[in-house]
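Peer 1: Structure incoming, see below.
The values are calculated or read from the model by the stated rules, or taken from the named source; none is laboratory data. For clarity, every value in this text was computed on a predicted model and none was experimentally measured. Virtual Cβ from ideal backbone geometry, glycine too; neighbours counted across all protein chains shown. Ligands, DNA and RNA are excluded from the accessible area calculation, which covers all protein heavy atoms including side chains. Shrake-Rupley method; radii C 1.70, N 1.55, O 1.52, S 1.80 Å.
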Amino acid sequence: MARICVFNQKGGVGKTTTALNLAAALARAGERPLAIDLDPQAHLTALSGVTINGAAESLYGHYRDNKLLASLIRDTDRGWHILPAHLELSKIDTQFGKGPNILNRLKIGLVREQLNGTCPVIIDCSPLLGVMSLSAIFAADKVIVPVSADYLAVKGAEQVEKTLNALGPVLKKRITRRYVITRFDGRRKMSWDIFNSLRAKFGADVCETRVTESVSVAESPFAEKDVFDYAPRSRGALDYQALYDELKSNNFLRPE
């Protein structure tokens, strides 16, 4: 299965929510995914119901202490595993620099330890384009870019497109990506204008599925649950199930 990075340089667009609910959809399909939290804020770790006793038990221990990734994986009661984050990850840039050894360390670890094999990997990123986000993109087969239905988010998507295109020659491939509209309100003309604008700019790279702005999606993280556990019959659960179905049907969940 593919290693998928959920990334956007703009915050507040539903990045962690999308990573959480995509992992949950994969788990519901019996895939038993591995979630990797590369955001020092560690929101995905908290939403997974996992607690750790310090930075050494997080991915920071892999970078600082050369711990095997497998030794840091924690089981959850949600149907997936997680490599947890810690605030100390914010120091990686200054402590270890931005050289290729650091940028490729996560990818090398995943491949060397054969951690994803038939197991899909979902990587949640910080909104900052630093070592952690670049490491996620380098480690991933493909990238999902959540874009909320507002004007500034569209400008942010254009910046993401430039970033991914600039990284293409470094990785010696075009980075396969999908843009997912979040916080969509079909009653608002602006939401449709933004969706159509993205389709005009990025064509088939924009998912047909749109995640509606809904109470269930907004409230489920507060309850520390994914939307399927929180409100399985809600509009939000239907939308994220539809997103999973769309990504599966067009083979986005398979490796290159």
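Peer 1: Could you give each residue of region 210-226 its phi-based ³J(HN,Hα) in whole Hz, using Karplus coefficients 6.51, -1.76, 1.60 with θ = phi - 60°, and x for Gly or Pro?
Peer 2: Values, residue by residue: 10, 8, 5, 5, 9, 5, 5, 5, 6, 8, 4, x, 4, 7, 6, 9, 7 Hz.
Peer 1: Can you list residues from other chains, or at least 5 along the same chain, whose modelled amide H is less than 5 Å from the amide H of Ile123?
Peer 2: Ile4, Cys5, Val6, Ile36
Peer 1: If I fit a long axis through the Cα atoms of helix 235-249 and take the longest principal axis of the Cα atoms of the chain, what angle between them do I get, 0 to 90°, rounded to 10?
Peer 2: Long axis of 235-249 versus the principal axis of the chain: about 70 degrees.
Peer 1: To continue, here is another question. Between region 1-35 and region 79-152, how far is it from one alpha carbon centroid to the other, in angstrom?
Peer 2: If we compute the Cα centre of each part, the gap is 12 Å.
Peer 1: In region 129-242, how many lysine pairs have Cα atoms under 22 Å apart, counting only pairs 8 or more places apart or on different chains?
Peer 2: Close lysine pairs found across region 129-242: 12.
Peer 1: Computed over the Cα atoms, what is the radius of gyration of region 51-113 divided by 2.2 N^0.38 Å, N being its residue count?
Peer 2: Numbers: Rg = 12.0 Å, N = 63, 2.2 N^0.38 = 10.6 Å.
After normalising by residue count via 2.2 N^0.38 Å, the value is 1.13.
Peer 1: Which of the lysines could a cross-linker bridge to Lys91, judged by Cα under 18 Å and excluding same-chain residues fewer than eight apart?
Peer 2: Cross-link targets: Lys67.
Peer 1: Let me ask another. Please list Ile108, Ile92 from largest to smallest accessible area, probe radius 1.4 Å, with all protein chains kept in place. If you can, show how the numbers build up before the last one.
Peer 2: Details: Ile108 80, Ile92 0 Å².
Correct descending sequence by accessible area is Ile108, Ile92.
Peer 1: I'd like to know how region 66-160 sits against the 2.2 N^0.38 Å rule of thumb: what's its Cα Rg over that expected value?
Peer 2: Normalised by 2.2 N^0.38 Å, the Cα Rg of region 66-160 equals 1.20.
Peer 1: If you don't mind, another one. Divide by every residue of the chain the summed helix terms, -39500 (n - 2.57) for each DSSP H run of at least 4, and state the resulting mean residue ellipticity at 222 nm, rounded to the nearest 500 deg cm²/dmol.
Peer 2: Values: 13 runs with 115 residues, N = 256.
Taken over the chain, the calculation gives -12500 deg cm²/dmol.
Peer 1: Leaving out ligands, DNA and RNA, what percent of the accessible area of the chain is carbon and sulfur, probe 1.4 Å? Don't skip to the answer; put the middle values down first.
Peer 2: Details: 5780 of 11140 Å².
So the carbon and sulfur contribution to the accessible surface is 52 percent.
Peer 1: A further question follows. Rounded to the nearest angstrom and ordered from largest down, what semi-axes does the equivalent ellipsoid of the chain get from its C-alpha gyration tensor (root of 5λ)? If you can, show how the numbers build up before the last one.
Peer 2: Details: eigenvalues 147, 90, 54 Å².
Those come to 27, 21, 17 Å.
Peer 1: Moving to a separate point now. Scan around Tyr179 for amide H atoms under 5 Å from its own, H built in the peptide plane at 1.01 Å from N, and keep only partners 5 or more places away or cross-chain.
Peer 2: Those lying under 5 Å, H to H, from Tyr179 are Val145, Val206, Cys207.
Peer 1: What is the sum of charges, Lys and Arg at +1 and Asp and Glu at -1, for the other residues whose Cβ falls under 14 Å from the Cβ of Val227?
Peer 2: Within the 14 Å Cβ shell, the charges total 0.
Peer 1: Can you sort Phe7, Phe222 by solvent-accessible area, 1.4 Å probe, largest first? Present the calculation step by step, with values, prior to reporting the outcome.
Peer 2: Details: Phe7 0, Phe222 190 Å².
Largest accessible area first, the list is Phe222, Phe7.
Peer 1: Follow-up. Kirkwood Rh and Cα-based Rg: tell me the resulting Rg over Rh for region 97-226, rounded to two decimals. Can you show the working numbers first?
Peer 2: Details: Rg = 16.6 Å, Rh = 16.5 Å.
Taking Rg over the Kirkwood Rh, I get 1.01.
Peer 1: With a 1.4 Å probe and every protein chain left in place, tell me how much accessible area Lys98 has, in Å² to the nearest 10.
Peer 2: Accessible area of Lys98: about 140 Å².
Peer 1: Using the Karplus curve 6.51 cos²θ - 1.76 cosθ + 1.60 with θ = phi - 60°, what ³J(HN,Hα) values do you get for each residue of region 42-52, in whole Hz, with x for Gly and Pro?
Peer 2: 6, 5, 5, 4, 5, 5, 7, x, 9, 10, 10
Peer 1: Separate question: Taking the radius of gyration and the Kirkwood hydrodynamic radius from Cα positions alone, what is the Rg/Rh ratio for region 9-126, to two decimal places? Mind dumping the intermediate values first?
Peer 2: Values: Rg = 13.6 Å, Rh = 14.4 Å.
Answer for region 9-126: 0.94.
Peer 1: Over the chain, give the accessible area per residue in Å² for a 1.4 Å probe, as an integer.
Peer 2: Values: 11140 Å² over 256 residues.
Per residue, the chain has 44 Å² of solvent-accessible surface.
Peer 1: Also: Give me a comma-separated list of calculated 3J(HN,Hα) values for region 169-174, in order, Karplus coefficients 6.51, -1.76, 1.60 applied at θ = phi - 60°, integers in Hz, x for any Gly or Pro.
Peer 2: Ordered by residue, 3J(HN,Hα) equals x, 5, 8, 6, 6, 7 Hz.
Peer 1: Treating the angle as unsigned and between 0 and 90°, give the value, to the nearest 10°, between the Cα long axis of helix 15-28 and the longest Cα principal axis of the chain.
Peer 2: Rounded to the nearest ten degrees, it is 90.
Peer 1: Over all directions, what mean area does the Cα convex hull of region 172-256 project, stated in square nanometres?
Peer 2: On the way: hull surface 27.7 nm².
The number I arrive at for region 172-256 is 6.9 nm².
Peer 1: Can you report the principal axis dimensions of region 34-79 using only the alpha carbons, biggest first, rounded to whole angstrom?
Peer 2: 28, 21, 17
Peer 1: Can you give the net charge of the other residues whose Cβ lies under 15 Å from the Cβ of Pro100, counting K and R as +1 and D and E as -1?
Peer 2: Numbers: positive: Lys98, Arg105, Lys107, Lys172; negative: Asp93.
Local charge sum for Pro100: +3.
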